[in-house]
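Written out below as structure tokens is the structure these notes cover.
Since every read-out is calculated from the coordinates, none of them should be taken as a lab result. Quick caveat: nothing in here was measured; it's all calculated off a predicted structure. For neighbour counting, all protein chains shown are included, and Cβ atoms are generated from backbone atoms with ideal geometry for every residue, glycine included.
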């Protein structure tokens, strides 16, 4: 999986002393943007040059351990599933210090054009996703479990 | 289901012109806080007086329609599932103007004491949840579908 | 001044147990949107129908008392200064329970057209601002003091 | 001044296509945390080991250029003013690509103990601030101008 490191900021915490639960979706967003960049394209260039947007159709997060202020974390991102009209990513958030698992999750996206209509993934996007790391089966299994 | 009305604020939107996808989890938080208040207790009093916290173990959101700046929305909240050690809530976010479904979702919580240890729900919390509206079967079915 | 009531949400707090300091700017945004609405127009309609935007050129906040989770607050908004090319608003945030002053502040905006160029305020906006409540001198004085 | 690089994330943008105006205060928070770290201590260790907190008494931001999604920015932080009971920092946010000035600002903090009472800066904090870079006169002048 692709990894990207960052820290928990003061504004991310809540009065329980942990990162607020919506913050994790932001980390997932950072994870997928940086994974795409590592493959050679920025998500911005996909929007600007290919005219494609990837709005989220579903998001899910399993919270395992609270993340504290200033914790150095790493979000790991990989491709979970794809078709001509959608793509989903799987994520793990781990604490750099000891590898402890903070959270895991997934997001499912549709390809949409500038007018807000569903579209097939443009060729450039298809080629990009061909090179994406695949989510390990254990992660997909953990996400499938209810 | 219990309903609470609010508006999409400028800071909630992103450059796609819709409410950013993590914002929906904030709406769910507002929904469950206001549902508890409508039952006679604030979530703050549960933390302060009963010494119980309800950290989130899992969150899920299905996005159906984008919400635009200044849209008047209503978050509807109900009890989905409970046991002695956990509780889950189900949510629907609808547009006030025409009742259009913006999103649906769920959050699952554990009961935790001040030291961060799992605990059984205090009696006061049990009695509160006894009075909570129950999620309609169609909503639970829509959430169970993958 | 125009008043609008709201509550501090869990996601607004930080680990100090108070609303995070950037949240206050969000409250100011809510205050000016609701003040405009009370005058008969929504800020959305100004953007959509008059083609004018009011990006912020300067923001300032003086923090007096921490706001806690679930506190019922009221943001009070009034016009501070105007010219043909700019407008500024002044704000007070008070606790509903006892009127305690949480914060005061100001934001200064320029009129900008859809292409991102400065413009003179359209007639409809001028007429709207003609009806806006004026900031009391004590508030302006408190904001002027350094 | 101390510099720290980061990117504008999707969740930071609003429907105008720029980073929302409260986000800049978050960048300032990141700037001062990373400046302290570069001097040898984390802000977390100041809270945990020295029992001191630095709540914000005043914040100010002058917005010069909008920051777009995925822009690589750098927040520059320096000491602006200090006394035994307070400290203020000055900030500049620049675009990495061309050095364009996005925003400048300041925050003023008081030293507070765990009980929420004002205190004199502990010796460890004094020594840390002794080593902080000083804000250049031009920045202080730009911030003083009204």
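So what is the orientation-averaged projected area of region C:64-146, using the convex hull of its C-alpha atoms, in nm²?
Working: hull surface 29.4 nm².
Mean orientational projected area (region C:64-146, Cα hull): 7.3 nm².
Roughly how many nanometres apart are two label points built 7 Å out from the Cα toward the Cβ at residue D:86 and residue A:119?
The two pseudo-label positions are separated by 5.4 nm.
How large is log10 of I(q)/I(0) for the protein assembly as shown at q = 0.06, 0.12, 0.13 Å⁻¹ when the intensity is taken from the Debye formula with one equal scatterer per alpha-carbon?
-0.30, -1.36, -1.62
Return a whole-number percent for the relative contact order of chain D, with Cα pairs under 8 Å and 6 or more residues apart as the contact set. Don't skip to the end; give the middle numbers.
Numbers: 276 pairs, mean separation 40.3, N = 146.
Taking the mean separation of contacting Cα pairs over the length of chain D, I get 28 percent.
Report the equivalent ellipsoid semi-axes for region B:27-88 in whole Å, largest first, defined as the square roots of five times the eigenvalues of the gyration tensor built from alpha carbon atoms. Before the final figure, lay out each step's value.
Values: eigenvalues 124, 48, 21 Å².
Working through the eigenvalues yields semi-axes of 25, 15, 10 Å.
Summarise the partner chain shielding of B:20-33 as one whole number: the mean count of Cβ atoms from other chains within 10 Å of each residue's Cβ. Write out the running numbers ahead of the final one.
Values: counts 12, 14, 16, 4, 4, 9, 7, 2, 2, 8, 4, 0, 1, 5.
Counting Cβ atoms of other protein chains within 10 Å of each residue's Cβ and averaging gives 6.
For a bin width of 10 Å, list the pair-distance distribution of region B:1-52 built from all Cα-Cα distances, rounded to whole %.
Using 10 Å bins, I get a P(r) of 22, 40, 26, 11, 1 for region B:1-52.
Output the 0 to 90 degree angle, nearest 10, between the alpha-carbon long axis of helix B:23-38 and the longest principal axis computed from the alpha carbons of chain B.
Result, in degrees: 50.
At 7 angstrom along the Cα-to-beta-carbon line, where would the label on residue B:134 sit relative to the other copies? Give the distances in nm, shortest first.
Those label-point separations list as 4.4, 6.1, 7.2 nm.
What is the mean projected area of the alpha carbon convex hull for chain D, to one decimal in square nanometres? Walk me through the numbers before you get to the answer.
Values: hull surface 36.1 nm².
Here the figure is 9.0 nm², rounded to one decimal.
For the pair residue D:49/residue A:97, report the inter-label distance in nm, with labels modelled 7 Å from Cα in the Cβ direction.
Here the modelled spin labels are 1.3 nm apart.
With labels modelled as points extended 7 Å from the Cα through the Cβ direction, what inter-label distance (nm, one decimal) is found for residue B:130 paired with residue D:5?
A separation of 6.1 nm, rounded to one decimal place.
List, shortest first and in nm to one decimal, how far the label point of residue D:145 (7 Å from Cα along Cα→Cβ) is from its counterparts in the other copies.
Those separations, rounded to one decimal, come out as 2.7, 6.0, 6.1 nm.
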